[in-house]
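Enquirer: Submitted below is the structure of interest, expressed as C-alpha cells.
Only the coordinates and a few stated rules stand behind these numbers; no lab work does. None of these values were measured; they are calculated from a predicted model. No Cβ is skipped: glycine too gets one built from the backbone with ideal geometry, and neighbour counts run over all protein chains shown.
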C-alpha cells in the first residue's frame, strides 16, 4: 500500500485532516495547497458551508411578545434560516392577543389558538408540547426559533441543544436570564 493510501486510512477518510497533514503537489477543489492563502480560502469555504441557512420553525408566544415586534421577528428569521413554518400561540378569547390576528395574516403566520378558560402556563405548555412533537416527527428542522421572554422555555431549550439543534430566542431586553443561558443565540426584538 502506498503512502497516500496509508495516510488516507489513518485519517479515517477525512479530507480536511489529510490536507492539513500532507503536502499536496496538486490541487483539491481548485485550490493549490502549496499556497497557504489558497488553503485559508478552502477553510473559509468549509466554515461558510456550515453556516448555510438551515430549516427553521418559528414559534411565537403571543402572551409575551407584542404584535408590534412581528416585522422584527420576520427580519431576524430571514437571517437565521429558511422558515418552513411560523406559528403564534394565544388563548382564543384573550383580548390582549387579539391584535396578533391581523399581523399574523400579513406575514402568513399560522395561528394556534387555545380554547377553554385561563390556566397557568397554558400557552407555554402547548408550545413545549409542539416543540417535542416537531423534534420527534420532523427530522429536517435544524433550528428552533422561539419568540418569548419567559424562563419556562429554558428546559426545552436545553433539551433541544442536547439533541444538536440550534435554539434562537427572539426576545425583548427584559428576558429571563435562565432562558438566555440555555439558548444557542439570543436576538433582541
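Enquirer: Between residue 159 and residue 55, what is the FRET efficiency for a Förster distance of 30 Å, r being their Cβ-Cβ separation, to the nearest 0.05?
Expert: For R0 = 30 Å, the calculated efficiency reads 0.95.
Enquirer: For residue 96 and residue 184, compute 0.36 nm times the residue count separating them, minus their Cα-Cα distance, and round to one decimal in nm.
Expert: Result: 28.7 nm gained on full extension.
Enquirer: Apply the a/c threshold of 1.5 to the C-alpha gyration tensor of segment 54-188 and tell me whether it is rounded, prolate or oblate.
Expert: Rounded.
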